[in-house]
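> My structure is below; once you've seen it, I'll send some questions.
The values are calculated or read from the model by the stated rules, or taken from the named source; none is laboratory data. The structure presented is a predicted model; accordingly, all values stated were derived computationally and were not measured. All Cβ positions, glycine included, derive from the backbone under ideal geometry; neighbour counts span all protein chains shown.
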Amino acid sequence: MIRLDHEIIAGIIEPGARVLDLGCGNGDLLAFLKEQKGVRGTGIEIDEEEVLRCLERGVAVTQGNINDGLGVYGDKRFDYVIFNESLQQVLKIDKVLGEALRVGRHVIVGIPNFCHLGARLQLFFRGRVPVTKSLPFHWYDTPNLRFLSLKDFRSFCAKKGISIERARYLTAGKEVVLAPNLLAEEAIFVIRKD
Amino acid sequence: MAVIDKKQIVFQEPLLLKSGIFLSPVTVAYETYGTLNPDRSNAVLITHAFTGDAHASSNGASGEKPGWWEEMIGSGKAFDTDKYFVICSNTLGSCKGTTGPSSVDSSTGKPFGLAFPVITIQDMVALEKRLIDHLGIRKLLCVAGGSMGGMQALVWPIMFPESVLSSIVIAACHRHSAQQIAFHEVGRQAVMADPEWMEGDYYGKAVPKRGLAIARMVGHITYMSEASMEQKFGRKLVEKDALGYSFAKDFEVEGYLQYRGMSFVDRFDANSYLYLTKAMDYFDLTDGDRKLSDVVSGVRADMLIISFTSDWLYPSYQSQSLVRALQANDVDVSYVEMKTDYGHDAFLVEFDDQTRVIKNYLVRVERERK
């Protein structure tokens, strides 16, 4: 079953593009992009078992910690640098995102919206930190270090002089058009900085 | 289909060594497994480690002893001999059929001993290239090896970028560190301190067994990890229930090292031990002052680098600096640090994860060529 976020990302990327997937997990997205778009892709992943899974399916990957930066790569070396569901787990957002914008002509960021309607209702009526389908973790077991809304991400970009080229919003496997900060559980932004 | 082919070839044309010396003639012992396809595009070269030989696998042949990478090479294995033509040759300077210090010097009619020129990893690769040319292979699908074999696998795409499509470098480095040199020097001093070494001129007489055995004992310690030694031996006593209050063997680990040391002297030449450790110690792709990223800038091969968490002899940081240098050059590189307690020996032990990765890596390399 193809994930909608993967389909949206594949729709953004041109055929044959050079792609770097940061926090690429088991390589699902890279394998999909290779098959659909013939990208020349590679990933960075910290977890050994995930790295082995990538290599097992023929996805090029290097084991490493994206918090260490991307110093070895030259400026604008990749057409797209992707953080899909990984940016919220990054310790040094400013540094890592800055590095991604340096080495990538475009950066694709897929983030969960911590302020979508369901989360807000739980917070307001139950007085509990939300646990929803798109935010499945409890406070004590979450890998997420960053809790942000789509508005927060937009204002961060404005402050840092990062331009948002495109934005797509999703909830429950469907695209959302209206009031995304309220109704979308996830967003995919395409950003750049020249 | 030949399951296993064992051959020796003599190259008369002098081989120019890195030191500037010419060596000739040079004999190479090698084995091949599987069948070279009509367009000669399915050849994989396996480069062996320090004390290895050309017998990497029995490839299922009856009556053959298992090879040193038996579990990795054969029908359906990581290096699948149903698909690939796998070649393994004994390295230059060794003592398993390829020219080395124990070979006869044609100018004197006696074994070389210390008259054998000091050789380098690059010289081993230059000789392997001759063998590949001789077999009519223009481009290897892959070259792969661990430890000293990994160094050769790394040199290949640098020296001969057009002749290799991919390279697998396992538990290796681009430059021997002070610690790596230090352990080798202890081994060499042990050999040379043995009175029977006689400045390397011991052939036909008693061999310097004690020195070579001690050198091998030191080596074995560096190939294991503290955890693997603890698991294997702990403080278990050997053939006794209590400490003996003497200097006879007390602990199992002592007995193991002594056994490994003494069994080694029957199968390895002491002078080869000196020459090969020296070749590894001389190994520095940066030649002291070049940037590694410049050194690897000509690499065209797809690279797979593997290191092991508990390998303190060739620690992961060495592989990681290699990975970064390759990334800086837009080389396609994959890297995994495998979790294991087996230390440096892991490349000869951890078959499941290596098979998972290598088998599919070769499939991808082949697919992407088309």
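> What is the one condition in (1) among the acidic types (Asp, Glu); (2) assigned to a helix (DSSP H, G or I); (3) not assigned by TED's automatic domain parsing to the domain that holds B:Asp345 that B:Asp294 does not satisfy?
(3)
> Of the residues in the stretch B:217-266, how many are in a helix (DSSP H, G or I), basic (Lys, Arg) and either assigned by TED's automatic domain parsing to the domain that holds B:Ala49 or over 24 Å from B:Ala206 (Cβ atoms) (or both)?
The qualifying residues number 1.
> Which pairs turn up if I take residues in the stretch A:57-72 that are within 7 Å of chain B (Cβ to nearest Cβ) and under 18 Å from A:Leu29 (Cβ atoms) and look for partners that are part of a loop (DSSP other than H, G, I, E, B) and at pLDDT below 95 with beta carbon separation below 6 Å, at least 6 apart in sequence or on another chain?
Partner pairs satisfying both residue conditions: A:Ala60/B:Asp332.
> It is to be established whether one or more residues within the stretch B:308-317 are more than 14 Å from B:Leu154 (Cβ to Cβ), part of a loop (DSSP other than H, G, I, E, B) and facing another protein chain (nearest Cβ under 10 Å).
Scanning the stretch B:308-317, I find at least one residue that is more than 14 Å from B:Leu154 (Cβ to Cβ), part of a loop (DSSP other than H, G, I, E, B) and facing another protein chain (nearest Cβ under 10 Å), so the answer is yes.
Here's the yes/no breakdown for (1) closer than 29 Å to B:Trp197 by Cβ; (2) in contact (Cβ under 8 Å) with a residue 40 or more places away in the chain; (3) among the acidic types (Asp, Glu):
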{"site": "B:Tyr84", "(1), (2), (3)": "no, yes, no"}
{"site": "B:Ser89", "(1), (2), (3)": "yes, yes, no"}
{"site": "B:Ser103", "(1), (2), (3)": "yes, yes, no"}
{"site": "B:Ser107", "(1), (2), (3)": "yes, no, no"}
{"site": "B:Phe116", "(1), (2), (3)": "yes, yes, no"}
{"site": "B:Ile121", "(1), (2), (3)": "yes, yes, no"}
{"site": "B:Val143", "(1), (2), (3)": "no, yes, no"}
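> Looking at B:Ala328 and the list (1) under 17 Å from B:Leu292 (Cα atoms); (2) more than 10 Å from chain A (Cβ to nearest Cβ), which single condition is not satisfied?
(2)
> Tell me the helices (runs of 4 or more DSSP H) entirely within the stretch A:1-85 that contain at least 1 residues that are modelled with pLDDT of 95 or more and over 26 Å from A:Phe153 (Cα atoms).
Here the list reads A:28-37, A:48-56.
> Test each condition in (1) more than 7 Å from every other protein chain (Cβ to nearest Cβ); (2) over 19 Å from A:Lys95 (Cβ atoms); (3) in contact with a strand residue (DSSP E or B) (Cβ under 8 Å, 6 or more places away or on another chain) for A:Lys37 and report the one that comes out false.
(3)
> Let me ask something additional. Looking at the stretch B:188-201, is at least one residue surrounded by fewer than 13 Cβ atoms within 10 Å (Cβ to Cβ), in contact (Cβ under 8 Å) with a residue 24 or more places away in the chain and farther than 25 Å from B:Ala144 by Cα?
yes
> Can I ask one more? Mind telling me which of the residues B:Leu257, B:Leu292 ends up being in contact with a strand residue (DSSP E or B) (Cβ under 9 Å, 6 or more places away or on another chain) and more than 9 Å from chain A (Cβ to nearest Cβ)?
B:Leu292
> Can you tell which of B:Lys240, B:Lys278 is modelled with pLDDT under 95 and surrounded by fewer than 20 Cβ atoms within 10 Å (Cβ to Cβ)?
So the residue among B:Lys240, B:Lys278 that is modelled with pLDDT under 95 and surrounded by fewer than 20 Cβ atoms within 10 Å (Cβ to Cβ) is B:Lys240.
> Could you name every one of the strands (runs of 3 or more DSSP E) located completely within the stretch B:1-76 that has at least 1 residues being on the phi < 0 side of the Ramachandran plot and among the basic types (Lys, Arg)?
Counting at least 1 such residues, we get B:5-11.
> A further question follows. So which of B:Leu326, B:Leu285, B:Leu322 ends up being touching a His at 6+ places or on another chain (Cβ under 7 Å), within 15 Å of B:Ile168 (Cα to Cα) and buried (at least 19 other Cβ atoms within 10 Å of the Cβ)?
Being touching a His at 6+ places or on another chain (Cβ under 7 Å), within 15 Å of B:Ile168 (Cα to Cα) and buried (at least 19 other Cβ atoms within 10 Å of the Cβ) holds for just one of B:Leu326, B:Leu285, B:Leu322, which is B:Leu322.
Yes/no matrix, rows are residues, columns are (1) farther than 25 Å from B:Ser272 by Cβ; (2) in contact with a strand residue (DSSP E or B) (Cβ under 6 Å, 6 or more places away or on another chain):
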position	(1), (2)
B:Thr120	no, no
B:Met124	no, no
B:Arg130	no, yes
B:Ile137	yes, yes
B:Leu141	yes, yes
B:Met148	no, no
B:Met151	no, no
B:Leu154	no, yes
B:Glu162	yes, no
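> When you go through (1) of a type in the set (Asp, Glu); (2) crowded, with 19+ Cβ neighbours inside 10 Å; (3) more than 9 Å from chain A (Cβ to nearest Cβ); (4) over 17 Å from the mean Cα position of the chain (by Cα) one by one for B:Asp269, which number turns out not to apply?
Checking B:Asp269 against (1) of a type in the set (Asp, Glu); (2) crowded, with 19+ Cβ neighbours inside 10 Å; (3) more than 9 Å from chain A (Cβ to nearest Cβ); (4) over 17 Å from the mean Cα position of the chain (by Cα), the one that fails is (4).
> So, in the stretch A:86-130, exactly how many residues are crowded, with 21+ Cβ neighbours inside 10 Å and in a strand (DSSP E or B)?
Of the residues in that region, 8 qualify.
> Tell me which residues, restricted to the stretch B:312-338, are touching a strand residue (DSSP E or B) at 6+ places or on another chain (Cβ under 8 Å) and among the charged types (D, E, K, R).
Within the stretch B:312-338, B:Asp332, B:Glu337 qualify.
> Could you tell me which numbered condition A:Glu175 fails, if it satisfies all but one of (1) in a loop (DSSP other than H, G, I, E, B); (2) under 19 Å from the mean Cα position of the chain (by Cα); (3) farther than 26 Å from A:Asp94 by Cα?
(1)
> For the stretch B:15-24, state whether one or more residues are touching a Gly at 6+ places or on another chain (Cβ under 8 Å) and either surrounded by fewer than 21 Cβ atoms within 10 Å (Cβ to Cβ) or more than 20 Å from B:Asp353 (Cα to Cα) (or both).
no
> Identify, please: which residue in the stretch B:205-216 is in a loop (DSSP other than H, G, I, E, B) and in contact (Cβ under 8 Å) with a residue 40 or more places away in the chain and is, among those, surrounded by the most Cβ atoms within 10 Å (Cβ to Cβ)?
Within the stretch B:205-216, the match that is surrounded by the most Cβ atoms within 10 Å (Cβ to Cβ) is B:Pro208.
> Looking at the stretch B:34-42, is at least one residue within 29 Å of B:Thr277 (Cα to Cα) and either touching a residue at least 40 places away in the same chain (Cβ under 8 Å) or within 15 Å of the chain's Cα centre (by Cα) (or both)?
No, that holds for no residue.
> Moving on to the next point. Please go through the stretch B:339-370 and give me each residue that is of a type in the set (A, V, I, L, M), within 7 Å of chain A (Cβ to nearest Cβ) and crowded, with 18+ Cβ neighbours inside 10 Å, ordered by number.
Correct list: B:Val357 only.
> Working only within the stretch A:41-56, note down all residues that are more than 19 Å from B:Ser321 (Cα to Cα) and facing chain B (nearest Cβ under 7 Å).
A:Leu52, A:Leu55, A:Glu56 - these are the residues of the stretch A:41-56 that are more than 19 Å from B:Ser321 (Cα to Cα) and facing chain B (nearest Cβ under 7 Å).
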